[in-house]
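Please read the structure below before turning to the comments.
The values are calculated or read from the model by the stated rules, or taken from the named source; none is laboratory data. What you are looking at is a predicted structure, and each value in this text was computed from that prediction instead of being measured. Heads up, the Cβs are rebuilt from the backbone with ideal geometry, glycines too, and the neighbour counts pull from every protein chain shown. What goes into the accessible areas is simple: the full protein's heavy atoms, side chains included, and nothing from ligands, DNA or RNA. Shrake-Rupley method; radii C 1.70, N 1.55, O 1.52, S 1.80 Å.
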Amino acid sequence: MAAAPQAPGRGSVRKTRPLTVKTSLNNPYAICWSTLEREHMHFILQTLEDRFKSLGLRKMEDKKKRRKQFLKKPSPDRCGTEVEKSEGPKEKPPEGSEQESGWTPVDVRKQLAIGINEVTRALERNGLLLVLVCRSAKPAILTSHLIQLSLSRAVPACQVPRLSERLAPVIGLKCVLALGFKKTTTAFDAEVRAIIPRVPSLHVPWLQGRPEDSGASLDTASSESRDREVLDTSFEDLSKQKRKLVGSQQAVVLQPLKIKKLIPNPNKIRKPPKGKKTTSK
């Protein structure tokens, strides 16, 4: 006779859970900033540093206001006694000693876009002539989106080493990771024209080429005449023109997406348990 199946003992080994693997689709193209020559780097940093110093652009902060923010608010019991003591006449400090917080020449500050977020918004609105990005920005994904965005807007852009190290103390900031010059700028017109020819061209596979005179502003009269021509033409003529343009352009070679498998928490590090808060009676 066949033996009866035996039940597993209590000391049996626990089965390990299968690893949870998450798949992600990544960009197959390797997009990176074009390398800037060392001579051009020194020229860009020196010209901008001299121009900022000559204009006196600087962000001033009132230290007294900054200290007041960190002070604790007085309790309501002490407020009455403190108000009675402070009822006496207060002496006003001299006018020259106080310094208002903010940028010193406000009109010059409005001609610039400082910071990654401000540069991104200005590029989306197509309002910049030149974009400079600091190489010390980490991780690199913080500024990588500016490559496609600046190339799609036909704005010259490059990565400048030591940009934040040289310009941040001059302006009165802790860091300058991105710097953009707006199309309405008048204070940096000569500097932008001198820097643009030294900026290397960017390369994105699906955005081929960049116009040579990207810094030149378009006339309003020419844009209005183009709009009128488009309105006068029929839909069939527009479709024919589009087909001709597509045939003249070079075909872009498409690549499959990279499939990457990620294992969340491979070292199985557990979070420490939250301690119970003791309720004070």
Mind checking which pairs have a first residue in segment 126-138 that is in contact (Cβ under 8 Å) with a residue 60 or more places away in the chain and within 14 Å of Leu112 (Cα to Cα) and a second that is open to solvent by 10 Å² or more (accessible area, probe 1.4 Å) and part of a strand (DSSP E or B), Cβ under 6 Å, 6 or more apart or different chains?
Val133/Gln159
Of the residues that make up segment 28-42, is at least one modelled with pLDDT under 90, over 21 Å from Ala157 (Cα atoms) and more than 14 Å from the chain's Cα centre (by Cα)?
yes
Tell me, yes or no, whether segment 233-253 has at least one residue that is more than 30 Å from Asn27 (Cβ to Cβ), surrounded by 10 or more Cβ atoms within 10 Å (Cβ to Cβ), at pLDDT below 95 and aliphatic (A, V, I, L, M).
yes
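When you scan segment 165-175, do you find a residue that is at positive phi and open to solvent by less than 30 Å² (accessible area, probe 1.4 Å), even just one? Walk me through how you get there before you give the answer.
So the first thing to find is which residues in segment 165-175 are at positive phi, and the list is 172.
Then drop every residue that is not open to solvent by less than 30 Å² (accessible area, probe 1.4 Å), which leaves 172.
Yes.
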Condition first: farther than 11 Å from Leu130 by Cα and open to solvent by less than 30 Å² (accessible area, probe 1.4 Å). Now tell me which residues in segment 186-197 satisfy that.
Ala187
Out of Arg78, Arg66, which single residue is under 28 Å from Gly172 (Cβ atoms), part of a helix (DSSP H, G or I) and modelled with pLDDT under 95?
Arg66
For segment 104-139, enumerate the residues that are under 11 Å from the mean Cα position of the chain (by Cα), more than 24 Å from Pro197 (Cβ to Cβ) and small (Gly, Ala, Ser).
Gly115, Ala137
Scan of segment 146-162 for residues that are in contact (Cβ under 8 Å) with a residue 60 or more places away in the chain, touching a Lys or Arg at 6+ places or on another chain (Cβ under 8 Å) and not small (Gly, Ala, Ser), ordered by number:
Gln159, Val160, Pro161, Arg162
So is Ile114 under 15 Å from Arg51 (Cβ atoms) and in contact (Cβ under 8 Å) with a residue 60 or more places away in the chain or not?
yes
Considering segment 162-176, residues that are more than 16 Å from the chain's Cα centre (by Cα) and of a type outside the set (A, V, I, L, M), and then whichever is nearest to Cys32 (Cα to Cα), we arrive at Arg162
